[in-house]
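Asks: Take a look at this one; I'll ask things after.
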Amino acid sequence: MSDFIEIIVIVEGKTEKIFINSILKDNLADRNIYMTPIIISKPGEKGGDIKFSRALKDITIHMKQRADTFVSLFIDYYGLKPDWPGFINAKKEEEPAKIASIINDSTHLAVNTELSAYRSDIRFIPHITVHEFEALLFSDASSLASELHVDKSDVDKIIDQFGDPEKIDDSPDEAPSKRLERLYPKYKKTTTGIIIARNIGIDAMRKKCRIFNDWLKRIESHL
């Protein structure tokens, strides 16, 4: 336990990095949690092609770099490649919370196999977002509808269909971002999406998104 913690978060892309830097970081800093997002590395590769070997290389670097920091992930499940721990078993499940649990537990086990000497059992906090960042934006239908200049009922219909923002996704064409683009063709992840996220706020997201909230609770438990 400590009065504060520092945590490196390996993220999938630019959107996740901006979200943490401009919104989540300040929220956690109020609780003495200092988060630094770093886009998963390897020149020439982009988000959506996330091999475990690629992530493990970055996790290893940051686990070894400093003994007093924590390391986590903020990566979309649908971008994972089959080499990811738990991937095959997770594919048998439909419930997002179950998918997240399988992937997170398997990832933790695999990292511990490689990095137990660096206290990875404590310092590594895995987090795979089952659907993309935009799922969080469905936490507040009023804010989302207002920013997209659409009727709130259009957003309510989507939420009511699934009952939970973190369940909104039927296929690549029905992912949260694709639904937002149909509601508002000018939607851009790194601008519109971030503005909406800021208006909604982290506390509202935590109330509606169990997987996201569980991740932050696991981080907070180390204080």
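Asks: Taking the simple approach of a point 7 Å from Cα along Cα-to-Cβ for both ILE122 and LYS157, what is their distance in nm?
Replies: With each label point 7 Å from Cα toward Cβ, the separation is 5.3 nm.
Asks: Would you kindly find the accessible area of MET205, with a 1.4 Å probe and non-protein molecules such as ligands, DNA and RNA excluded, rounding to the nearest 10 Å²?
Replies: For MET205, the solvent-accessible surface is approximately 0 Å².
Asks: Still on this structure, please answer the following. Region 1-37 to region 79-121: how many Å between their Cα centroids?
Replies: 22
Asks: To the nearest 500 deg cm²/dmol, what mean residue ellipticity at 222 nm is calculated for the chain from DSSP H runs of n ≥ 4 alone, each contributing -39,500 (n - 2.57), summed and divided by the residues?
Replies: Rounded to the nearest 500, the figure is -13000 deg cm²/dmol.
Asks: Positive end of the charge dipole of the chain (Lys, Arg +1 and Asp, Glu -1 on Cβ, about the Cα centre): tell me which of LEU80, HIS149, LEU136 has its Cα farthest that way.
Replies: LEU80
Asks: For ARG218, ARG179, what's the largest-to-smallest order of accessible area, 1.4 Å probe?
Replies: Sorted by accessible area, descending: ARG218, ARG179.
Asks: Something else now. Suppose every Lys and Arg Cβ carries +1 and every Asp and Glu Cβ carries -1, with no other charges. What dipole size does the chain come out with about its Cα centre, to the nearest 20 debye?
Replies: With Lys and Arg at +1 and Asp and Glu at -1, about 580 debye.
Asks: Using only the heavy atoms of the protein chains and a 1.4 Å probe, how would GLU132, GLU95 rank by accessible area, largest first?
Replies: Per-residue accessible area, sorted high to low, gives GLU95, GLU132.
Asks: In addition: Residue separation times 0.36 nm, minus the C-alpha to C-alpha distance between GLU95 and ALA204: what's the value?
Replies: Answer, rounded to one decimal: 37.1 nm.
Asks: Report, in listed order, any pair from LYS14/LYS189; LYS178/LYS217; LYS51/LYS91; LYS81/LYS208; LYS167/LYS188; LYS17/LYS64 with a Cα-Cα distance greater than 18 Å.
Replies: Checking Cα-Cα distances, LYS178/LYS217; LYS81/LYS208; LYS167/LYS188; LYS17/LYS64 exceed 18 Å.
Asks: Are there GluC sites (Glu not before Pro) in region 10-108 that DSSP marks as loop and that have at most 11 other Cβ atoms within 10 Å, and which are they?
Replies: GLU94
Asks: Hey, another quick one. Long-range amide H contacts for TYR34: which residues qualify at under 5 Å (H placed 1.01 Å from N, peptide plane, sequence gap of 5 or more or a different chain)?
Replies: The answer is ILE5, GLU6, ILE7.
Asks: Give the accessible surface of the chain per residue, rounded to a whole number of Å², with probe radius 1.4 Å and ligands, DNA and RNA excluded.
Replies: Heavy-atom SASA per residue in the chain reads 48 Å².
The values are calculated or read from the model by the stated rules, or taken from the named source; none is laboratory data. Just so it is clear, the model here is predicted, and its values are computed rather than measured. Here Cβ is always computed from backbone atoms with ideal geometry, including for glycine, and neighbour counts include all displayed protein chains. The accessibility values were calculated without ligands, DNA or RNA, using every heavy atom of the protein model including side chains. Shrake-Rupley method; radii C 1.70, N 1.55, O 1.52, S 1.80 Å.
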